[in-house]
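Beneath this line is the structure, given in structure tokens, with notes to follow.
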Amino acid sequence: MKWGNGNFKFSRPIRWLVSLYNNEILNFTLDECDPKVVIGNKSKSHRLIDKVIEINSPDNYFEIMAKNGVLVKREERREKITNMINKSSESLNLNPDVSEGLLNELSDLVELPNLIIGKFDEEFLDLPVEVLSTVMKSHQRYIPLLQKVNTFSKLDLSSEENISTNFLLISNGFQESNNIIAKGNEKVLKARFSDAKFFVESDKKVSSSERNEKLKSVSYLKGMGNVFQSVERIKFISSKVIKNLNDQYLDDEKLKEAANYCKNDLCSEIVYEFPELQGIMGGKYLKYEGYSEEVCLAVAEHYLPSSYKDDLPSTKYGAIVSISDKLETLISIFISGKRPSGSSDPYALRRNLNGVIKIIWSFELDFSLENLFVELIEFWKTSLPKLTFIENKVFEDLIEFLFQRIVSHLEEINIDKELIKAICYSDKCFQKRILNIIDLKNRIESIAVYKEKGSFDEIQKIITRVSKLANNGNIKTDVFFIEGYINQDLFEKQCELKVFEFIKELDNLFSTNNWNYLKLLNLFEINTKNLEELFDNEKGVLIMANDNKIKENRLNLLGIIRNYSLKIVDFTLL
């Protein structure tokens with residue numbers, strides 16, 4: 001809300017303004033306010049006291065306002081609310097279900113926090129705990145009280161063992177009115193719970209298969225068909241992921257079922273009324289119909305994680321369906337041309353892809369997103385022939401976006417900034433390997449092991465020296481073979497041959513698809529002395545020899561060592 005001719009903004013209508021410097025009133029105006037704002041040393045008490053207060057000095061402002069029913073400082077209100085919630089919960093031997101967001105909201109809703117304990121009818125305990133909590137927290141700003149139980153199933157349709165019929169509410173009033181306020185809020189809550197119960201009972205009469213059919217009439221992104229078609233694409237993606245993983249413990253049919261029904265609750269009455277329950281209710285309804293726990297849990301958790309701090313799916317089935325759902329959204333929007341730009345990200349694609357990376361990282365799902373992107377772009381082109389888009393452009397944009405999000409993930413898990421730079425931005429010819437998330441994780445963890453051992457610094461020191469000298473040569477950073485670059489006949493000392501053998505050992509370790517970074521770093525550690533010997537005054541050689549052929553041969557020797565080291569990390573940037 002904007003007030004006056006300037007840029008001054010405030011969220012609520014301003015009725016009065018106290019303006020003091022020491023004991024003097026500072027006179028100024030807020031232009032064109034309607035009604036006119038009175039500026040002076042007069043404030044007002046809590047609305048139930050309805051008293052005009054005179055403030056004679058800024059020093060006692062907070063104290064005077066508190067005596068008249070107004071805690072001015074937000075942090076004081078928040079602290080008081082937190083203490084009251086904790087004290088009441090402990091006295092009832094229950095756990096408060098309150099988030100930081102709800103605490104902040106409650107702190108902003110009241111001037112003088114007053115806690116009231118309410119109670120709802122036991123008949124509503126046959127509703128899922130998530131339904132009861134959502135109604136109380138999101139719609140009524142109440143604090144549910146959970147039982148201190150060790151087991152909780154996300155698939156339960158009943159909440160009898162999980163939640164108490166007591167709840168807490170924060171009012172902006174005085175204790176004298178607690179009974180009246182409690183009864184009024186209990187009446188409102190009963191009506192909301194009754195509606196929710198009606199929705200759930202109605203949904204139980206419709207099968208998940210029937211709800212899936214209704215998805216054909218639910219619109220999706222323009223040009224991308226309906227939600228039913230979106231689910232078909234999610235199924236395709238999940239089938240590709242499980243094929244690439246080649247995990248003997250995963251059941252293809254269970255994953256197919258989970259992907260097929262992951263959006264069925266979008267056509268349920270409860271989700272229509274409470275959208276934040278999507279996925280959760282789908283899993284519960286499937287369990288009610290007798291589907292396996294793996295399928296139901298995968299559906300219930302496939303929206304996870306919805307933020308960086310959010311939990312991940314608890315099973316691989318849920319992880320794969322979550323990845324598939326997020327990638328379906330990502331590919332569809334990129335093909336539609338509605339990609340994130342600057343601070344604009346209306347479809348939360350950054351959060352989506354961050355979630356994919358976090359799942360792959362945590363579950364160690366070893367498959368190539370790069371290769372998957374190629375397959376998915378082709379599938380979109382085939383299944384939606386009316387779509388027109390430039391395949392290479394979409395692919396390049398996806399790869400660039402993936403690279404950015406991988407770097408973002410490393411920053412979020414507090415990887416050292418220098419290490420991120422040394423791995424991700426060392427040389428363009430090595431950036432493609434960054435897209436292999438599990439390889440990247442293994443690399444970072446291996447470096448951490450050697451740093452903890454204390455031997456990493458020795459490797460870094462000698463490789464930095466090697467790299468700086470190698471930069472005087474002509475060998476490019478993408479050269480890793482000996483033929484045509486190194487001539488053994490030009491070796492003059494044993495140290496050159498030792499480094500030559502070191503290169504052959506490196507070539508052998510790097511020849512596999514899955515690089516073992518612990519073995520590679522161990523090889524560098526073992527050969528540290530051989531590299532140091534190369535520069536020794538007695539045992540070593542002069543790299544910048546007068547003979548150009550010998551000089552080039554030695555620089556190439558160092559250049560290939562440098563190039564192999566860059567496959568691990570750019571030691572010169574650390």
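The values are calculated or read from the model by the stated rules, or taken from the named source; none is laboratory data. The structure presented is a predicted model; accordingly, all values stated were derived computationally and were not measured. All Cβ positions, glycine included, derive from the backbone under ideal geometry; neighbour counts span all protein chains shown.
Screening Cys296 on (1) at pLDDT 95 or above; (2) surrounded by fewer than 24 Cβ atoms within 10 Å (Cβ to Cβ); (3) over 19 Å from the mean Cα position of the chain (by Cα) shows it passes everything except condition (2). Annotation: of all residues in segment 1-29 being at pLDDT below 85 and of a type in the set (Gly, Ala, Ser), the one that is surrounded by the most Cβ atoms within 10 Å (Cβ to Cβ) is Gly4.
So that you can scan it fast, the table gives a plain yes or no per residue for (1) in the same structural domain as His302 (by TED's automatic domain parsing); (2) not hydrophobic (A, V, I, L, M, F, W, C):
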| site | (1), (2) |
| --- | --- |
| Ile359 | yes, no |
| Glu375 | yes, yes |
| Trp380 | yes, no |
| Phe403 | yes, no |
| Phe430 | no, no |
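If you go through segment 154-186 and keep only what is over 20 Å from Glu122 (Cβ atoms), hydroxyl-bearing (Ser, Thr, Tyr) and surrounded by 16 or more Cβ atoms within 10 Å (Cβ to Cβ), you end up with just Ser171. Would you check if there is a residue in segment 525-545 being free of Cβ contacts under 8 Å to residues at least 40 places away in the same chain, in contact with a helix residue (DSSP H, G or I) (Cβ under 9 Å, 6 or more places away or on another chain) and within 21 Å of Asp439 (Cα to Cα)? No, the conditions are met nowhere in segment 525-545. Screening segment 376-411 for residues that are of a type in the set (D, E, K, R) and surrounded by fewer than 14 Cβ atoms within 10 Å (Cβ to Cβ) and picking the one that is farthest from the chain's Cα centre (by Cα) gives Lys386. Among the residues of segment 198-235, which ones are exposed (fewer than 14 other Cβ atoms within 10 Å of the Cβ) and hydrophobic (A, V, I, L, M, F, W, C)? If the condition is that a residue be exposed (fewer than 14 other Cβ atoms within 10 Å of the Cβ) and hydrophobic (A, V, I, L, M, F, W, C), then Phe198, Val218 are the ones that fit. Selection over segment 236-247 of residues that are crowded, with 19+ Cβ neighbours inside 10 Å and touching a Lys or Arg at 6+ places or on another chain (Cβ under 8 Å) gives a count of 1. Among the residues of segment 311-350, those identified as among the charged types (D, E, K, R) and either without any contact (Cβ under 8 Å) to a residue 40 or more places away in the chain or within 23 Å of Gly223 (Cα to Cα) (or both) are Asp311, Asp325, Lys326, Glu328, Lys338, Arg339, Asp345, Arg350. Consider segment 429-439 and keep the residues that are out of contact with any Cys (no Cβ under 9 Å at 6 or more places or on another chain) and over 11 Å from Leu566 (Cβ atoms). The one that is surrounded by the most Cβ atoms within 10 Å (Cβ to Cβ) is Ile437. In segment 236-268, what residues are of a type in the set (D, E, K, R) and under 18 Å from Ala300 (Cβ atoms)? The answer is Asp251, Lys254, Lys256, Glu257, Lys263, Asp265.
If you go through segment 521-574 and keep only what is surrounded by 16 or more Cβ atoms within 10 Å (Cβ to Cβ) and of a type in the set (Lys, Arg), you end up with Lys551, Arg554, Arg562, Lys567. A count restricted to segment 130-162 and to residues that are over 17 Å from Ser194 (Cβ atoms) and in contact with a strand residue (DSSP E or B) (Cβ under 9 Å, 6 or more places away or on another chain) stands at 10. Can you find even one residue in segment 402-425 that is outside any loop (DSSP other than H, G, I, E, B) and aromatic (Phe, Trp, Tyr)? Taking every residue of segment 402-425 in turn, at least one turns out to be outside any loop (DSSP other than H, G, I, E, B) and aromatic (Phe, Trp, Tyr). Condition (residue is within 20 Å of Asn513 (Cα to Cα), surrounded by fewer than 14 Cβ atoms within 10 Å (Cβ to Cβ) and touching a residue at least 24 places away in the same chain (Cβ under 8 Å)) applied to segment 459-472: is it met by at least one residue? No, that holds for no residue.
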